[in-house]
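Structure, as structure tokens:
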Amino acid sequence: MKKGLFILVLTMLGVACSSSSDNPDNKTDDTFDRSKILTNVADNIIIPSFKEFKNKVVDLKTKSSAFINSPTQSTLDNLRTSWYNAYKSWQYVAMFNIGKAEELEFVNFINIYPVSKADIESNITNGGYDFTHPNNHDAQGFPALDFLLHGTGVNDTEILEKYTTNSKAANYKKYVTDVVQKINETAVAVVNDWEGTYREKFVTSTGNTATSSLNKFVNDYIFYYEKRLRAVKIGIPAGNFSSTVLPEKVEAFYKKTISKELALESLFAVKALFNGTYFKSSTEGSSFKAYLNALNKNDLATKINAQFDAAKAQINTLNSNFNQQIADDNTKMTKAYDELQKAVVLLKVDMLQAFNVNVDYVDADGD
């Protein structure tokens, strides 16, 4: 009698638990067409962003040639402006580490910082270097140009001297040319890949597996936000991962006054991607937000956008020169980090769970 009653209770509990897990409240069957996200992202965000970036790099190459042929204040100023515009454009493509960009590990040739002044000077002195070698990842790209155009002297007269009367002037000029050429070569390779066969491969990989397009893409997106934006642009210089502040690790250290702007451009690009907003447009297409809404996760989508806005508001309180902000009042930097961090949980835990996607990268900073 007791045994039979015990079995009956267990059976009822099993049915209740099964019913609860199979049909959770507010859960919609995931029949969302992932190809719509992939198509919108490829055609209206990634490819236009990369084409714009390539065009900015072409202009950078043109302005660098003019400077090398005639190093004057005018050609230096023009080259600096072109570098600045290309650097901003980079913020819109840096998160797209997929396809040829992933194969090439494109960030290693474009934006590893802090730059190694010692390695650059050694390369210039020796006259020979291999940009594909890991030792030169921090001696090229936009950070290297930052040093070469803004940091080789205490004023423009001294900087121009490096490219005119200095005994190594020819080597300095060659180094600028080679750095720009490597950026251009990388940009062209990635654009050609997207405009070639990769676009079709990307949009037709619609499954939910570790190697399918959306699973890899959403992971790359969150990795970029968490590591490249939150940690590298803000957290590391502010000392969130060390026992002391590290102001020398800010982005655009030698130009100094654009580190805040680059961070804001990056955050703008991240939010636009989440909402499926077309590049250089207010039109929205299929997106992570649309996917969450289809899964009855409207509140989560709203929270993510609100947290992006809160992070933007806090970053806007900072000095345009992050190096100076750290010296004056580093608590504002750490507050910006905190606001960025709040979105990590929403994206990396809540959104991935909703999409039934696993994290595919190792988290080494304990967040």
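Give segment 201-241 a look and list any residue that's of a type in the set (S, T, N, Q) and in contact with a Lys or Arg (Cβ under 7 Å, 6 or more places away or on another chain), or say none.
Across segment 201-241, the qualifying residue is only THR206.
Going by the structure shown, is TYR361 under 26 Å from SER242 (Cβ atoms), surrounded by 13 or more Cβ atoms within 10 Å (Cβ to Cβ) and touching a residue at least 60 places away in the same chain (Cβ under 8 Å)?
Taking the combined requirement at face value, the residue does not satisfy it.
Filter segment 110-160 down to the residues that are under 19 Å from the mean Cα position of the chain (by Cα) and part of a loop (DSSP other than H, G, I, E, B), then identify the one that is surrounded by the most Cβ atoms within 10 Å (Cβ to Cβ).
GLN140
Could you check segment 73-83 and list, in sequence order, the residues that are surrounded by 22 or more Cβ atoms within 10 Å (Cβ to Cβ) and farther than 16 Å from ILE112 by Cα?
Selection gives LEU79, SER82.
Would a scan of segment 253-261 turn up a residue that is under 21 Å from ASN97 (Cβ atoms) and either touching a residue at least 60 places away in the same chain (Cβ under 8 Å) or buried (at least 21 other Cβ atoms within 10 Å of the Cβ) (or both)?
For segment 253-261, residues under 21 Å from ASN97 (Cβ atoms) and either touching a residue at least 60 places away in the same chain (Cβ under 8 Å) or buried (at least 21 other Cβ atoms within 10 Å of the Cβ) (or both): absent.
Do you know which residues across segment 298-344 are over 18 Å from the mean Cα position of the chain (by Cα) and among the aliphatic types (A, V, I, L, M)?
Hits for segment 298-344 are LEU300, ALA301, ALA306, ALA310, ALA313, LEU318, ILE326, ALA327, MET333.
Touching a helix residue (DSSP H, G or I) at 6+ places or on another chain (Cβ under 7 Å) and farther than 14 Å from PHE274 by Cα: does that describe ILE304?
Numbers: touching a helix residue (DSSP H, G or I) at 6+ places or on another chain (Cβ under 7 Å): yes; farther than 14 Å from PHE274 by Cα: no.
No.
Go through the residues of segment 259-271 one by one and say whether even a single one is hydrophobic (A, V, I, L, M, F, W, C), out of contact with any helix residue (DSSP H, G or I) (no Cβ under 7 Å at 6 or more places or on another chain) and closer than 29 Å to GLY153 by Cβ.
no
Is it fair to say LYS227 is assigned by TED's automatic domain parsing to the domain that holds THR317, in contact with an Asp or Glu (Cβ under 9 Å, 6 or more places away or on another chain) and part of a helix (DSSP H, G or I)?
It is true that LYS227 is assigned by TED's automatic domain parsing to the domain that holds THR317, in contact with an Asp or Glu (Cβ under 9 Å, 6 or more places away or on another chain) and part of a helix (DSSP H, G or I).
Being of a type outside the set (Gly, Ala, Ser), assigned to a helix (DSSP H, G or I) and under 13 Å from the mean Cα position of the chain (by Cα) is the filter here; which residues of segment 235-275 pass it?
Result: LEU262, LEU264, GLU265, LEU267, PHE268, VAL270, LYS271, LEU273.
For residues that are more than 23 Å from ASP33 (Cα to Cα), of a type in the set (Ser, Thr, Tyr) and under 19 Å from the mean Cα position of the chain (by Cα), tally how many sit in segment 276-288.
Matching residues across segment 276-288 total 0.
The values are calculated or read from the model by the stated rules, or taken from the named source; none is laboratory data. Model, not experiment: these values are computed from the prediction. Positions of Cβ are generated from backbone atoms using ideal geometry, with glycine treated the same way; all protein chains shown enter the neighbour counts.
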